[in-house]
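Colleague: One structure coming up, written as structure tokens, with questions to follow.
The values are calculated or read from the model by the stated rules, or taken from the named source; none is laboratory data. Values in this document were obtained by computation on a predicted structure and should not be read as measured data. Cβ atoms come from the backbone with ideal geometry, glycine included; neighbour counts cover every protein chain shown. What goes into the accessible areas is simple: the full protein's heavy atoms, side chains included, and nothing from ligands, DNA or RNA. Shrake-Rupley method; radii C 1.70, N 1.55, O 1.52, S 1.80 Å.
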Amino acid sequence: MREPVDLRRQRILAAVRARGTARVRDLAEELQVSVVTVRRDVEELTREGRLRRGHGVVRSTVPAEEEPAGGGAAAGDRVAVVVPVRHSYLNETLHGARTVLEEAGLRLALHLAPQASGAERPLVERALAEGADGLLIAPRWRGRAEEEADHEWLAALAVPTVLMERRPWRGSALHALDSVCSDHWYGAHLAVEHLVGLGHRRIVFATRHDSPTARSLRAAFTEIAGAHPLVERWAWTLIAPEAGADGPYTADETAELPALMRKVGATAMVLHGDVDALMVVQRLAEEAIRVPEDCSVVAYDDVVAGLGSPPLTAVSPPKTEVGRMAAELLLQRLTEAPGARPGRRVELLPRLRVRGSTAGPAE
């Protein structure tokens, strides 16, 4: 005999109040009814003000009768987030993800990976052992070899996983893994077009080249500047001698920026990332090279670029939105059957924020 609707809804209320938060799919399994049925019941109970809905979860409107051991959300209501330690760029991404997950009633368990090769794997294994239901991850990946070493185990994880600000290369084991990242080619395009539009024809590019973003930017600058009809001469170098791990490099690719600028006859630079860009501007000032009068500077990342003297024009990737969208994508995976949708690779476009460090070249 089918259970009366009122009785089923009372059981839903009791289950949610006992835990504080419950997932719709878990309630459906416990009640032995479809997810659609539970969703209808939850909608009605929400209209009555007796429950609150989130992304695939339900929260009680009264205090929980009993907290799980150790306090906080139940083990199954946890999403692990693994990011590199001391990475200010990803702090904004983390904020975006946290906002979405907390609105959905899920607890974010943050794991900070130290600056060592392979540091992410033991953190992920620990998070899964502690009951994490899903994973958001931004591996450091200082070089291609480090990235390749992570492919097999990441692809084999038994929980929904979304890469943040990482784009697996084509045909790799991670090609079909969900990912959300900034379109750094477009960011490089914005920087070059801004400078060319101001009249600059000779440009120096510098990146750290020890991260996936830096490698993407070098490839983009090479393609865009090499094909641009108005760029007469350009060069790429490491923004600091300790920045590159891939090598070997040519003399120009490890040259001091002021010296390379003079060799190329450059009147503009694009520098990745913000902190290094601010240090370069200070170094230029020590050599009596004024910004923007003698050299225009565009920073890439826009974390602290606006705090410089002068405030730096910067390409601003949508850092917060990357985290937000990655969390939303993960929530969808947590509430649907495995394989219900194809893998998704989402790219978001950066913006250019024009400040005081760029102007037309001196006559």
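Colleague: Looking at the stretch 198-216 only, could you name the residues that are aliphatic (A, V, I, L, M) and closer than 13 Å to residue 264 by Cα?
Modeller: Those that are aliphatic (A, V, I, L, M) and closer than 13 Å to residue 264 by Cα: 203, 204.
Colleague: For the stretch 278-332, how many residues are part of a loop (DSSP other than H, G, I, E, B), over 15 Å from the mean Cα position of the chain (by Cα) and not hydrophobic (A, V, I, L, M, F, W, C)?
Modeller: Qualifying residue count, the stretch 278-332: 9.
Colleague: Need pairs with beta-carbon distance below 6 Å; first residue of a type in the set (S, T, N, Q) and within the stretch 113-135, second modelled with pLDDT under 90; sequence gap 6+ or separate chains.
Modeller: Pairs that qualify, where the first residue is of a type in the set (S, T, N, Q) and the partner is modelled with pLDDT under 90, are 117/146.
Colleague: Okay, moving on. List every residue pair whose Cβ atoms lie under 7 Å apart, where the two residues are 6 or more positions apart in sequence or sit on different chains, the first residue falls within the stretch 211-225 and is among the basic types (Lys, Arg), and the second residue, located anywhere, is not in a helix (DSSP H, G or I).
Modeller: Pairs that qualify, where the first residue is among the basic types (Lys, Arg) and the partner is not in a helix (DSSP H, G or I), are 215/209; 218/207; 218/209; 218/236.
Colleague: Shifting gears a bit: Got at least one residue in the stretch 275-296 being open to solvent by 30 Å² or more (accessible area, probe 1.4 Å), in contact with a strand residue (DSSP E or B) (Cβ under 7 Å, 6 or more places away or on another chain), under 30 Å from residue 179 (Cβ atoms) and among the acidic types (Asp, Glu)?
Modeller: No, the stretch 275-296 has no match at all.
Colleague: Out of the residues in the stretch 260-274 that are assigned to a loop (DSSP other than H, G, I, E, B) and in contact with a helix residue (DSSP H, G or I) (Cβ under 9 Å, 6 or more places away or on another chain), which is surrounded by the most Cβ atoms within 10 Å (Cβ to Cβ)?
Modeller: Looking at residues that are assigned to a loop (DSSP other than H, G, I, E, B) and in contact with a helix residue (DSSP H, G or I) (Cβ under 9 Å, 6 or more places away or on another chain), I get 273.
Colleague: Also, I was wondering about something else. Would you mention how many residues in the stretch 98-122 are farther than 19 Å from residue 21 by Cα and either among the small types (Gly, Ala, Ser) or open to solvent by 30 Å² or more (accessible area, probe 1.4 Å) (or both)?
Modeller: Of the residues in the stretch 98-122, 11 are farther than 19 Å from residue 21 by Cα and either among the small types (Gly, Ala, Ser) or open to solvent by 30 Å² or more (accessible area, probe 1.4 Å) (or both).
Colleague: Cβ-Cβ distance below 7 Å, separation of 6 or more or different chains: which pairs start in the stretch 160-176 with a residue that is under 22 Å from residue 97 (Cα atoms) and at pLDDT below 90 and end on one that is part of a loop (DSSP other than H, G, I, E, B) and among the aliphatic types (A, V, I, L, M)?
Modeller: The qualifying pairs are 168/174; 168/177.
Colleague: Inside the stretch 333-354, can you point out the residues that are touching a Gly at 6+ places or on another chain (Cβ under 6 Å) and in a loop (DSSP other than H, G, I, E, B)?
Modeller: Hits for the stretch 333-354 are 335, 350.
Colleague: Is it the case, given these coordinates, that residue 196 is surrounded by fewer than 20 Cβ atoms within 10 Å (Cβ to Cβ) and in a helix (DSSP H, G or I)?
Modeller: For residue 196, the condition - surrounded by fewer than 20 Cβ atoms within 10 Å (Cβ to Cβ) and in a helix (DSSP H, G or I) - is met.
Colleague: Go through the stretch 1-50 and tell me which helices (runs of 4 or more DSSP H), entirely inside it, have 3 or more residues that are modelled with pLDDT under 85 and on the phi < 0 side of the Ramachandran plot.
Modeller: Qualifying helices (runs of 4 or more DSSP H): 5-19, 24-31.
Colleague: Looking only at residues that are modelled with pLDDT of 90 or more and hydrophobic (A, V, I, L, M, F, W, C) in the stretch 133-148, which one is farthest from residue 322 (Cα to Cα)?
Modeller: In this case the residue turns out to be 135.
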